[in-house]
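Asks: Got a structure for you, written out below as structure tokens; questions coming shortly.
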Amino acid sequence: MEVSSLSSATPGMAFSSEPESCSDSPSSNRGVGSTPGGFLLPGREPHFSIFTVLVVTLLVLLIAATFLWNLLVLVTILRVRTFHRVPHNLVASTAVSDVLVAALVMPLSLVSELSAGRRWQLGRSLCHVWISFDVLCCTASIWNVAAIALDRYWTITRHLQYTLRTRRRASALMIGVTWALSALIALAPLLFGWGEAYDARLQRCQVSQEPSYAVFSTCGAFYLPLAVVLFVYWKIYKAAKFRFGRRRRAVVPLSATTQAKEVPEEAEMVFTARCRATVTFQTSGDSWREQKEKRAAMMVGILIGVFVLCWIPFFLAELISPLCACSLPPIWKSIFLWLGYSNSFFNPLIYTAFNKNYNNAFKSLFTKQR
């Protein structure tokens, strides 16, 4: 995603043979007369090394896998009736945003990476459409992760008050706010004249470089949802530590003919009935609800961890570069950008890995009904 430079004719792929130093000169970032990695020199034909071909192949596979996996999740949710409820509408919203990232954003970013001098040759209108979808879909994907984290937090800490009806209303509200906020951030330059995405002279297509918009977009698209998910996971961790840090002890009314003996170290109850037979019950294991909540807490933790690792390098660079008036080497810009895009591939893998219903539904899609 490009927010301050968020799809900016994607900043130089990881093919760079000569890294670009941080400089205040505006021309140091143009790369005119060379490929994103410096392979096309004036007066020479394009040359692609084996490493370049391998990287491009890897990115093509990433795009295809991201699109197909998220599409599979959407088809599963639509076809399986048990998924037509919370929290699967939040998962569906995330899958929609990630499918759009793979279908509309990543391919054009790859084309831009491979163009000579990172020039945009598809016109001003398509440039605005591309940039708008880039910011819209990536921001929505990020906020959907925050919405899933909030939903899991309320499920764990308020499972009595957070009923199915309440969850439906809350999830619908979160989905509406997510896409409305994403649209506002994406369309603000077009609606309010907040900078220009297309530079006809340099043939460059990038998100508005207006400093005020850069701060607004990066904060709204990443730093605010980052604060939300970190706070939520901290609360989930505290709740899980409180709930699972001690073994639950069953309280069972005993009759006059029943004796109870507690084994403190094993945290289990042994009941001996004075009758013809002696029966022992052990309740040391976690309940079904506790196991479900543990899986939910683990899923949220992994989802947030991958989200942070994928996006924080890109957004740190996007926020720091305008403040220091310098440019990051193109190779690192490309690595950070595609690392952020890869989050759309990891999202469905994570939240389906912790739900056996998805695995069964996936199998049923490819198994002939007898």
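The values are calculated or read from the model by the stated rules, or taken from the named source; none is laboratory data. Small disclaimer: the values here were computed from a predicted structure and weren't measured. Cβ: placed from backbone, ideal geometry, glycine included. Neighbour counts: every protein chain shown. Just the protein is used for accessible areas: all its heavy atoms, side chains included, with ligands, DNA and RNA removed. Shrake-Rupley method; radii C 1.70, N 1.55, O 1.52, S 1.80 Å.
Asks: Checking LEU316 against (1) surrounded by fewer than 18 Cβ atoms within 10 Å (Cβ to Cβ); (2) within 14 Å of the chain's Cα centre (by Cα), which test does it fail?
Replies: Condition (2) is where LEU316 drops out.
Asks: Do we have TRP143 as within 24 Å of ALA227 (Cβ to Cβ), buried (at least 20 other Cβ atoms within 10 Å of the Cβ) and of a type in the set (Phe, Trp, Tyr) here? Outline the logic, then answer.
Replies: Numbers: within 24 Å of ALA227 (Cβ to Cβ): yes; buried (at least 20 other Cβ atoms within 10 Å of the Cβ): yes; of a type in the set (Phe, Trp, Tyr): yes.
The answer is yes for TRP143.
Asks: Additional query: Would you point out the residue of the range 319-347, among those that are under 17 Å from THR94 (Cα atoms) and among the aromatic types (Phe, Trp, Tyr), that is least open to solvent (accessible area, probe 1.4 Å)?
Replies: Going through the range 319-347, the residues under 17 Å from THR94 (Cα atoms) turn out to be 340-347.
Next, from what is left, pick out any that are among the aromatic types (Phe, Trp, Tyr): 341, 345-346.
Working: TYR341: 0, PHE345: 51, PHE346: 77 Å².
Checking each candidate, the answer is TYR341.
Asks: Step by step: first the residues of the range 41-84, then only those that are hydroxyl-bearing (Ser, Thr, Tyr) and surrounded by 12 or more Cβ atoms within 10 Å (Cβ to Cβ), then the one that is modelled with the highest pLDDT. Which residue is that?
Replies: The qualifying residue modelled with the highest pLDDT is THR66.
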